[in-house]
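Engineer: Starting off with a structure, shown below.
Readers should treat all values here as calculations from the given coordinates under stated rules, not as data from a laboratory. Small disclaimer: the values here were computed from a predicted structure and weren't measured. Note that we place each Cβ from the backbone using ideal geometry, even for glycine, and neighbour counts take in every protein chain shown.
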Amino acid sequence: MQTPHAGRTPAADDDTGALAPLRQPVFRMLWVTWLTANVCMWMNDVAAAWLMTSLTTSPVMVALVQSASTLPVFLLGLPSGALADILDRRRYFIVTQFWVAAVALLVCVVVLSDGMSAPLLLALTFANGMGLAMRWPVFAALVPELVPRPQLPAALALNGVSMNASRIIGPLVAGAVIASFGSAYVFVLNAVLSVVCGFVIRRWQREQKPRALPGERFFGAMRVGVQHVRQSQRMHAVLLRISLFFLQASALQALLPLLAKRMDGGGAGTFTLLLAGLGVGAIAAALYLPRLRGLMTRDQLVQRGSLVQAAATVVVAFSPNVYLALPVMVIAGMAWISVANSLTVSAQLALPDWVRARGMSIYQMALMGSSAMGAALWGQVASLSDLRTALVGSALFGLVAVVAARRVTLEGVGEEDLTPSHSIKSPPTAEPVDPDAGPVLVTIEYRIDPAHAVEFRAVMEETRRARLRQGALSWELFRDTADPSRYIEYLLDESWVDHLRRFDRFTAADDALRARRLRFHIGDQPPLVTRCIAQPVDARRASPQES
């Protein structure tokens, strides 16, 4: 019998259909919770955006509602990702839910007391966005441990379904509540659902993996997360692509409330219907994505989806009524999910589990940061000119971005096997070592045939990136001036425990890279490895009399 916290059914492991991950009990439970949380997010954003139109007529202030909801992810994403990697992910997930509930209650009180203003609404929207910033990295890190690797693309597509189903449900519920009771009660419902989500997550008994080493420190964890992404060529391509796409795509959503008002008979219902159309298109495409991935590469999905989304933006900008705009919004949603899912899958496959939350938080920072910048940028363009000029400008930017980034491919660098490897054991020591002692100097001496020096240095360049991705402070390669065949690899770890952590972070790809290095070594013995710990010395200089 399947236990509640096992999370996987063997029969489903080889099933890669669009709905296969929902057969995993834990994934199904958390997916429903995530759907509810996203419904709350959309209810809040729709209610805030519509409330803002009653508080001000400024296009910039209306567009800044989206900026205020997404900017916290850009500012707080990395700290949130670090916490999600070093703390218990289940408990951290629960805290984020109750944070959102508390903010929703506060908004409700302010609206009911008739004390809301445009600046205050932006501030409270920002506070709600902080909850999103905290909970997204931890959920992104949990998904790969809940489903088999072949089901990961489908699971991420289902997350897209969740987001876009909430894009439909949230605005519809928010619109109905606003029409029947007023904006304040949207925030009441948001708070109630957020509390329910928190108690549902508490029912999940996540299996704890034993740790032989103490947890990482907060600032050190952030440093290692940034360093890992900086040294990952695959993540570079993903981050560039996601930033360019959402810098352009954010214009349509940010200015949609004003577009809806300008259409014939436009109002809150029109705005809600257009958002729902975007969600319907995304859901339809997400269910069809397994077949699309068999027909196109991820690069092709990103390029073609970006172009379709840009074209849809122009058509909606010139649509006189909802009857023309709605089907085009459906197409825009299909393009949006095709691009977003392809890039999210690429990011997940580029990250090992130990740094996944930090890596995905940086990915989300790029996504939300570009969305916030795009909303502010195109809102300002609309303020200085008009809505259509801003939307056409964003579409032209999208076209230029696709052409400019065509050489930056997601699959140009071969995918590495990031399965944890335990082939390298922790080194023995002559005596006990304080875990906080350091820095630790590691040297590895190689004997290399000078005729193969160029090829060896190329492999060592890959080694440099791998060592730094694992957390090393610095790395260099030296050659002996008196003996051209003698090379010394040097790396520095912050402390002894950080040095030991690198053994836990070793992957199958690192094993393969190590084998490539050793093929160049021509000595009778393996490369000589030494490990030295910095020692405190008396900094006082001896006086001439003493010397």
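Engineer: Kindly provide log₁₀ I(q)/I(0) values, in the same order as q = 0.14, 0.18, 0.21, 0.22 Å⁻¹, from the Debye equation applied to equal alpha-carbon scatterers of segment 435-479.
Structural biologist: Results for segment 435-479 at q = 0.14, 0.18, 0.21, 0.22 Å⁻¹ read -0.42, -0.64, -0.80, -0.86.
Engineer: Still on this structure, I have one more. What value in Å³ per residue do you get for the convex hull of the alpha-carbon atoms in segment 363-402?
Structural biologist: 54 Å³
Engineer: Additional query: Considering Cα pairs under 8 angstrom that are at least six residues apart, work out the relative contact order of segment 440-533 and quote it in whole percent.
Structural biologist: Here the relative contact order equals 48 percent.
Engineer: Please rank Ile242, Ile86, fewest neighbouring Cβ atoms within 10 Å first, as an exposure proxy.
Structural biologist: Neighbour counts put them in this order, fewest first: Ile86, Ile242.
Engineer: Want the number for Arg291 to Val95: 0.36 nm per residue separation, take away the alpha-carbon distance, what's left?
Structural biologist: This chain segment gains 66.8 nm when fully extended.
Engineer: Continuing with this model, one more query. Quote the FRET efficiency, to the nearest 0.05, computed for Ser113 versus Gln535 with a Förster distance R0 of 56 Å and r equal to the Cβ-Cβ distance.
Structural biologist: Taking R0 as 56 Å, the efficiency between Ser113 and Gln535 is 0.30.
Engineer: Using only Cα atoms, tell me the angle between helix 25-55 and the longest principal axis of the chain; keep it within 0 to 90° and round to the nearest 10.
Structural biologist: Approximately 50 degrees, to the nearest 10.
Engineer: Which length gain, in nm to one decimal place, applies between Thr429 and Leu120 when the Cα-Cα distance is subtracted from 0.36 nm times their residue separation?
Structural biologist: Gain on extension, Thr429 to Leu120, equals 105.3 nm.
Engineer: Also, quick follow-up: Which percent of Cα-Cα pairs in segment 440-533 sits in each 10 Å bin, short to long?
Structural biologist: All Cα pairs considered, the percentages come to 16, 50, 30, 4.
Engineer: Now, a different point. How many angstrom separate the Cα center of segment 74-91 from the Cα center of segment 493-537?
Structural biologist: Computed from Cα coordinates, the inter-centre distance equals 29 Å.
Engineer: So if each residue of separation counts as 0.36 nm, and I subtract the Cα-Cα distance between Glu411 and Thr389, what length gain in nm does that give?
Structural biologist: 4.4 nm
Engineer: For segment 394-445, what size does the Cα cloud have along each of its three principal axes, sorted from largest down, in whole Å?
Structural biologist: Dimensions of segment 394-445 along the principal axes of its Cα atoms: 65, 24, 23 Å.
Engineer: Now for a separate question. What's the magnitude of the charge dipole for segment 345-491 around its Cα centre, counting Lys and Arg as +1 and Asp and Glu as -1 at the beta-carbon? Answer in Debye, nearest 20. The partial results should precede the final answer.
Structural biologist: Working: 14 positive and 18 negative charges, 130 e Å.
For segment 345-491, the charge dipole is close to 620 debye.
Engineer: Take the alpha carbon atoms of segment 276-333, find their center, do the same for segment 225-249, and report the distance between the two centers in whole angstrom.
Structural biologist: Here the answer is 23 Å between Cα centres.
Engineer: Test of the criteria: in segment 317-420, which trypsin sites (Lys or Arg not before Pro) are in a DSSP loop and have at most 10 other Cβ atoms within 10 angstrom of their Cβ?
Structural biologist: Answer by residue number: Arg406, Arg407.
Engineer: Ok, one more. I'd like the orientation of helix 152-180 relative to the chain: the angle between its Cα long axis and the longest Cα principal axis, in ° from 0 to 90, rounded to 10.
Structural biologist: 30 degrees
Engineer: In addition: Kindly write out, for segment 479-496 in residue order, the coupling ³J(HN,Hα) from the Karplus curve 6.51 cos²θ - 1.76 cosθ + 1.60 (θ = phi - 60°), rounded to whole Hz, with x marking Gly and Pro.
Structural biologist: So the Karplus estimates, Gly and Pro as x, are 10, 5, 5, 8, 9, x, 8, 9, 10, 10, 8, 10, 9, 10, 10, 5, 8, 5 Hz.
Engineer: Continuing with the same structure: Over the Cα atoms of the chain, what Rg and Dmax result, in angstrom?
Structural biologist: Every Cα atom of the chain included, Rg and Dmax give 26.3, 96 Å.
Engineer: Moving to a separate point now. Any chance you could give the angle, 0 to 90 degrees and rounded to 10, that helix 59-86 forms with the longest Cα principal axis of the chain?
Structural biologist: That helix lies at roughly 30 degrees to the long axis.
Engineer: So what is the relative contact order of the chain, in percent, for Cα pairs below 8 Å that sit 6 or more residues apart?
Structural biologist: Reported as a whole number, the value is 19 percent.
Engineer: Give me Arg469, Arg202, Arg517 ranked fewest to most by other Cβ atoms within 10 Å of their Cβ, as a rough exposure proxy.
Structural biologist: Neighbour counts put them in this order, fewest first: Arg202, Arg517, Arg469.
Engineer: A further question follows. Okay, helix-only estimate at 222 nm for the chain: each DSSP H run of n ≥ 4 adds -39500 (n - 2.57), divide by all residues, round to 500 deg cm²/dmol; what do you get?
Structural biologist: Working: 17 runs with 363 residues, N = 547.
So the helix-based figure for the chain works out to -23000 deg cm²/dmol.
Engineer: So how do 130-136, 225-231, 478-484 stack up, highest first, on mean other-Cβ count within 10 Å? Please list the in-between numbers first.
Structural biologist: Values: 130-136: 24.9, 225-231: 19.9, 478-484: 10.1.
For the peptides 130-136, 225-231, 478-484, the packing ranking is 130-136, 225-231, 478-484.
Engineer: May I ask for the equivalent-ellipsoid semi-axes of segment 51-126, computed as the square root of five times each C-alpha gyration tensor eigenvalue and listed largest first in whole Å?
Structural biologist: So the equivalent ellipsoid measures 29, 16, 7 Å along its semi-axes.
Engineer: Sorted from largest down, what three extents in whole angstroms do the Cα atoms of segment 60-194 have along their principal axes?
Structural biologist: Sorted largest first, the three principal extents are 50, 30, 29 Å.
Engineer: Quick check on the exposure proxy: order Leu152, Leu252, Leu295 from fewest to most C-beta atoms within 10 angstrom.
Structural biologist: Exposure proxy ranking, most exposed first: Leu295, Leu152, Leu252.
Engineer: Additional query: Can you give me the relative contact order of segment 350-490 as a percent, contacts being Cα pairs under 8 Å and 6 or more apart?
Structural biologist: Averaging sequence separation for qualifying contacts and normalising by length gives 19 percent for segment 350-490.
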